[in-house]
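All of the numbers you see were taken from the coordinates with simple rules; none came from a lab. Keep in mind that this is a model prediction, so the values were computed, not measured. Glycine also receives a Cβ, built like all others from the backbone with ideal geometry; neighbour counts cover every protein chain displayed.
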Amino acid sequence: MISRGFTILLFFILIGLALAVFSSKASGGEPEVFGYQLKTVLSGSMEPGIQTGSVIAVKTGGDMTRFKKGDVITFWMDEYDLATHRITQKTMSGGQAVYRTKGDNNKYEDSAPVQSDNVVAQYSGFTVPYAGYISHFARTKEGGALMAIIPGLIMIIYSISTIWQAILSIEENHIQKNKRPGHES
């Protein structure tokens, strides 16, 4: 029963990894799972709640003017860099929200206010510590190859182990059968 459970778990992990890889390659960006985009945290500005090297889930889409003070949002700081910080103040200007933000670990608010047009997503509260290091490595050519090979090797090793245990069990049953009184081999 444990063996079957382990097999099913490995199968779903492999399917999940494959979907994440295909999703990120197809979209050209971050992987998306059940409507949540996975982002890698590259700085310590939100520590201790969100540690450097973590992977976080953010919910994309919707009305980007809906956020309020205390919400954690992901936004474009400039044309190249995303940040995930907490809203410290919200004002409305011409039907558009303008947010003041600050990293929980930063002493001061971010220097530039964030227009609601620059907000990408809202932090869901889901964090996987240190998984970002693996994710970042997986995006390299070597890392991508290794991430494709390792699950396959695990399945092969597990299959060989299962087959070996089955053979040993058959041999043991055969030996037990031959040891019975009155049984000739």
Size of electric dipole in region 34-131: Cβ of Lys, Arg +1 and of Asp, Glu -1, about Cα centre, debye, nearest 20: 360
Furthest towards positive pole of dipole, 131, 45, 91, structure part region 34-131, Cβ charges: 91
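Counting other Cβ atoms within 10 Å, which trypsin sites (Lys or Arg not before Pro) in region 96-185 have at most 10 and lie in a DSSP loop?
Loop-located and lightly packed - 107.
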Sparse-neighbour loop sites [chymotrypsin sites (Phe, Trp or Tyr not before Pro); region 57-164; at most 10 other C-beta within 10 Å; DSSP]: 80, 108
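How large is the Rg to Rh ratio of region 112-185 when both quantities use alpha carbon positions and Rh follows Kirkwood?
1.47
Where does region 34-131 land on Rg(C-alpha)/(2.2 N^0.38 Å)? Kindly include the intermediate steps, with their values, before the conclusion.
Numbers: Rg = 12.7 Å, N = 98, 2.2 N^0.38 = 12.6 Å.
Its radius of gyration relative to the 2.2 N^0.38 Å reference: 1.01.
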